[in-house]
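To start, the structure under review is shown below, and the notes come after it.
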Amino acid sequence: MMKTNLSISLILLILVTACNPSQEAEERNSIVETTKSDASTGGMVAAAQPLATQAGVQILEAGGNAADAAVAAAFVIAVVEPTMNGIGGRNQIFIRQSDGSFMGYNGMTEVPASFIPDEDPPNSGHRVVAIPGVVAALMRLHKEHGSMPLEVLMKPAIKHAAEGFELLDGEAKRHSLGLDAIKNDPGFRKQMLKNDTSTYQAGEILKQPDLAKTLQRIAETNGEDFYKGETARIIAEDMAANDGFITTEDLANYQALDARYVSIPYRDYEIHSIPAPAGGGLVVKALNIMENFDLSSMSDAQWAAVVNQALAFSMESMEYDYAEEDLDQVQSKDWAKEKAAQIIIPEANDNKEAAELTRDQQLLATNTDWSGNTWGEQSHHTTHFVTADCSGMVVSITQTIGPLFGSKVITPGLGFVYASTMGAYLSGSDQAPGSRPRTTIAPTIVTKDGETVMVLGAAGGLRILSGIVQTISRYVDQGMTLEEAVSAPRIHPETDYNDGNRVVFPTKFSAEFTPTNGWSAEDSIYWQNQGFEIGAITRYGAFSRVHAIARDPETNMWTGMADLDWEGTASGAEENACVE
């Protein structure tokens, strides 16, 4: 198998330091080499945390397939990125097998049978906790597509939980941001705080022994313990003692469901994603609208204005097509043409290349002074990762607990954070007992002539939609490489609420103006002169975080790319005992 670093390898050397590093931290290598892009014929993993990427690659190199690698990465990232996701949360899994068939798993949190909404919905606490789905969905992925024993796949996660791992700067900053919200929860105080009072700093070692024990029980019982065993009993007892709703019956009855998926032609490609309760329906709606325009002939600034309006109309559809029950309507080209007719095409500007990243700008991005990065402040939540093996199997998973630290609840003795589902966080969604409230997570696969050419997804709330759509269009319409498409600056429609309903403004959008890879002042002036209202955002990570892989069908070379605005990595497998 061949592996090579790309010419724009985008290697970051992140110096991880701590104010008072522990002896264990000092003994570890404090320089973490994180490769933002890589290429290999042996398979590929891209994830939002280097240890998750590493776990997936090690499984590929041990002879596992993409499903095995995804399971390993999923449990590791649940351990090492607890502000963003965990086994107490929800996920959507999308897989394309080596024979070209698709399968999806709906591991969304489910509202308990006894749930009664509060007149004043809470933002956190036991009353916002629904039945977790992550474990059940990963168990189905492993049972139906995996090839290695579950205990082998979960060993890295259990090790990181039991022995500890070195907090990266971003995760440490997010822990600090969440301190006021978590310090009163006994489970959080025990697990996430030093001496029950302060958060761990970058470079320090965070051990989670209770989580390690929970993961071990999951590994030994193929997930049964989480829903029908000791873990289930402890969950139910904690909920009953703290005015929550989950019962042992709720847990025993939970199932990871088959996920519906939609497929549309886009130019010479096909786009496949998962609709409601996931967000893939919005992805295909936006792309269907965009297909009515010759985006390849437009300047970058023109392209952004048109794409923003397509995204706005797609987002607006959630208000009248919440459940997306009619998939023909979701995929409708006629609906898209009607919306396209309402789009304002700005006049051409002379400088088509004005906002496109040059090679030098991309390399500059790798040398960014990340000390000013908020690493999650107001940049939403969630994590996404992708895996591929040399047989052609690919897996795309988005995993989340909702806002930062989810419900702000950890059951003492279990060690994981529950997602926020009921209450104020998803107040605009269906919260009836038994329902699985809608989110915008949207694992997506792109094919051409029956061959997989791109696998991607994103984190970042509603901006997941805009990150995915723009990456696909940059790649397909503008002919960018995967690295360029993921690195290029993004936009997102402005929204507001009126009587609880989301209002989207097609001619108002926020634009990414980060110093290293943002839009230019000339772009902003151009948009305003064309009648658009622009909000300039300079924060890193504010426009979703995309993790993606692409494949060259002629060479079978996989390319992976991790978003520049996060601490994730992409890495290819050196060798893979691939079963044809």
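Once the Cα atoms are used to define both axes, helix 150-163 deviates from the longest principal axis of the chain by about 80 degrees. For segment 99-258, the residue among Gly203, Phe226, Met192 whose Cα projects farthest onto the positive side of the dipole built from Cβ charges is Gly203. The list (i) 86, 69, 44; (ii) 100, 67, 45; (iii) 63, 54, 49 gives values of Cα extents along the principal axes in Å, and only one came from this structure; which label was calculated from it? Checked against the structure: label (iii).
The residues of the chain expose, per residue, 35 Å² of accessible area to a 1.4 Å probe. If the Kirkwood radius is taken over C-alpha pairs of segment 146-213, then at 4 °C and 1.567 mPa s the Stokes-Einstein diffusion coefficient equals 100 µm²/s. DSSP bridge analysis restricted to segment 468-580 gives an antiparallel fraction near 75%, rounded to the nearest 5. Computed from backbone phi with θ = phi - 60° and the Karplus coefficients 6.51, -1.76 and 1.60, the 3J(HN,Hα) list for segment 504-514 is 10, 10, x, 9, 10, 8, 8, 10, 7, 10, 5 Hz; x is used for glycine and proline.
Counting only other residues whose beta carbon sits under 12 Å from that of Pro277, what net charge do I get with K and R as +1, D and E as -1? Overall, the nearby charge balance is 0.
Sort segment 186-340 into rounded, prolate or oblate with this rule: let a ≥ b ≥ c be the square roots of the eigenvalues of the Cα gyration tensor; rounded if a/c is under 1.5, and if a/c is not under 1.5, prolate when a/b is larger than b/c, oblate otherwise. Because a/c hits 1.5 or more and a/b exceeds b/c, segment 186-340 counts as prolate. Counted by Cβ distance under 14 Å from Glu81, the other residues give a net charge of -2, where Lys and Arg count +1 and Asp and Glu count -1.
For segment 511-566 and segment 434-489, what is the centre-to-centre distance using only Cα atoms, to the nearest Å? Taking the Cα centre of segment 434-489 as reference, the centre of segment 511-566 is 12 Å away. Can you find, among Ser263, Thr109, Tyr322, the residue farthest towards the positive end of the dipole of the chain? Put +1 on the C-beta of Lys and Arg, -1 on that of Asp and Glu. With unit charges placed on the Cβ atoms, the residue in question is Thr109. The solvent-accessible area of Leu465, taken with every protein chain present and a 1.4 Å probe, is close to 0 Å².
The portion of the accessible surface of segment 226-341 made up by carbon and sulfur, rounded to a whole percent, is 45 (1.4 Å probe; DNA, RNA and ligands excluded).
Simple rule: put +1 on each Lys or Arg Cβ and -1 on each Asp or Glu Cβ in the chain, find the dipole, and look at Ala424, Ala459, Gly125; the Cα lying farthest toward the positive end is Gly125. Considering every Cα-Cα pair within segment 415-545, what fraction, in whole percent, is farther apart than 18 Å? Distances greater than 18 Å cover 65 percent of the Cα pairs.
The values are calculated or read from the model by the stated rules, or taken from the named source; none is laboratory data. As the structure is a computational prediction, the values presented were derived from the model and not from experiment. All Cβ positions, glycine included, derive from the backbone under ideal geometry; neighbour counts span all protein chains shown. With ligands, DNA and RNA removed, areas are computed over all heavy atoms of the protein, side chains included. Shrake-Rupley method; radii C 1.70, N 1.55, O 1.52, S 1.80 Å.
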